[in-house]
Amino acid sequence: MGGKLVVGNWKMNGGLVSNQNLLSALVDRLPEDVETAVCVPYPFLAQVSSLLSNTSIGLGAQNVSEYVEGAYTGEVSAAMLCEFGCRYVIVGHSERRTLFGESDSAVARKASAALASGLKPIVCIGETLAERDAGRVREVLERQLAALGEDALLAAGNGRLVIAYEPVWAIGTGRSALPEQVQDALACIRSWLASRVADARKAKVLYGGSVKQDSAAALFALPDSDGGLIGGASLSAAEFVSICEAAGAVSRSSDLGVKRSNG
Ligand code: 13P
């Protein structure tokens, strides 16, 4: 927990001109008290890194190789991402798991490779609609978490690895999970972590799936929410700014609540 983190996942969108327009409309408009980042396609890392220099907006990629270097055509290593100024990398997004066959164990190896280079992996987990309908949400989340292995879980406990709960059925569908469904899942993730690492309250756990400016505040205000992973809405400067502002407003009101309760 702590301050909110809001990350835009551009997916396979953007272009040199549209990136420049989007970022110039974001820079200086995002609240200072929210940690923000954009995860962009590989070819734009150099451009976006330079556009974000001297800003507090972090840079991330959307995938990373599990290998360090060598004959792996088409792969991009964690060290290369670091050279381009990345702080984050999304790992195990459901689109990669489903469309590109990434297994739980491949996701774990990618998260380890990212951690070994000092990148913060944002590891995505979440159930399909069929799994939810079959009452298997907890089982799926626990399986995906357990697959990450002990070092990654320790890293989650001290804030070096971020978990993003992204129910597959809520991604790109315009149908966000309901706040109570999100809270149940976030609480399940945190309690599972608490049974394995010393300080699970320090772990950052995000929600992603059709977060829009109208739904953001309610989702960020959930007791176990540390922020969001934003797809489609991160491609609109106005919408992404509103979502980040909602995160800032929620943190400020909860800080006030803590101050009040401490007298
Ligand atoms: P949408 O916000 O477009 O549903 O995408 C969510 C997502 O997949 C973020 O990683």
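Bear in mind these aren't lab numbers, they're just calculated from the coordinates by the rules spelled out. Only a predicted model underlies this, so the values are computations on that prediction, with no experimental measurement involved. Glycine gets a Cβ as well: all are built from the backbone with ideal geometry, and neighbour counts include every protein chain shown.
Need one number for the chain: average projected area of the convex hull over its C-alpha atoms, nm². Spell out each step's value before the answer.
On the way: hull surface 55.0 nm².
Its average projected convex-hull area is 13.8 nm².
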Checklist entry - Quick one: if you take sqrt(5λ) for each eigenvalue of the C-alpha gyration tensor of the range 1-142, what semi-axes come out, biggest first, whole angstrom? => result 26, 20, 14
Checklist entry - When the helix-only estimate is applied to the chain (DSSP H runs of n ≥ 4, each -39,500 (n - 2.57), divided by the residue count), what is the mean residue ellipticity at 222 nm, nearest 500 deg cm²/dmol? => result -13000 deg cm²/dmol
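Taking every pair of Cα atoms in the range 152-213, average 1/r, invert it to obtain the Kirkwood radius, and report Rg/Rh to two decimals. Working shown, then result.
On the way: Rg = 12.5 Å, Rh = 12.1 Å.
Across the range 152-213, the Cα-based Rg/Rh ratio is 1.03.
Quick one: what do you get for the range 143-263 if you divide its Cα Rg by 2.2 N^0.38 Å?
On the way: Rg = 14.9 Å, N = 121, 2.2 N^0.38 = 13.6 Å.
So the range 143-263 has a normalised radius of gyration of 1.09.
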Item to check | Range in the chain, longest, excluding exposed chymotrypsin sites (Phe, Trp or Tyr not before Pro) [loop by DSSP; at most 15 other beta-carbon atoms within 10 Å] | outcome: 101-263
Checklist entry - Measuring from label point to label point, each 7 Å out along Cα→Cβ, what is the residue 143 to residue 18 span in nm? => result 3.6
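Relative contact order for the range 118-263: what is it in percent, counting Cα pairs under 8 Å that are at least 6 residues apart?
Details: 217 pairs, mean separation 31.2, N = 146.
In percent, rounded to a whole number, it is 21.
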Checklist entry - Picking from 174, 118, 74, which is most flexible by a Gaussian network model of the chain using Cα springs under 10 Å? => result 74
Checklist entry - Across the chain, how many lysine pairs, 8 or more apart or on two chains, come within less than 20 Å at their alpha-carbon atoms? => result 13
Checklist entry - From the backbone phi of the range 68-79, what are the Karplus-calculated ³J(HN,Hα) couplings (6.51 cos²θ - 1.76 cosθ + 1.60, θ = phi - 60°) in whole Hz, Gly and Pro given as x? => result 7, 6, x, 7, 10, 3, x, 8, 10, 8, 4, 4
Item to check | Computed E for residue 214/residue 67 - FRET, C-beta separation, R0 35 angstrom, nearest 0.05 | outcome: 0.25
Checklist outcome for this item: the range 19-50 and the range 59-86 have their Cα centres apart by a whole-number Å value of 19
Checklist entry - With labels modelled as points extended 7 Å from the Cα through the Cβ direction, what inter-label distance (nm, one decimal) is found for residue 199 paired with residue 49? => result 3.1
Checklist entry - Given a cut-off of under 8 Å on Cα pairs at least six residues apart, what relative contact order in percent is computed for the range 18-115? => result 25
Checklist outcome for this item: Taking placed amide H atoms and a strict 5 Å upper bound, the residues 5 or more places from residue 204 or on another chain that come that close are 159, 163
Checklist outcome for this item: Sorted by chain and then number, the residues having a modelled amide H within less than 5 Å of the amide H of residue 8, at least 5 places away or on another chain, are 37, 38, 39, 230
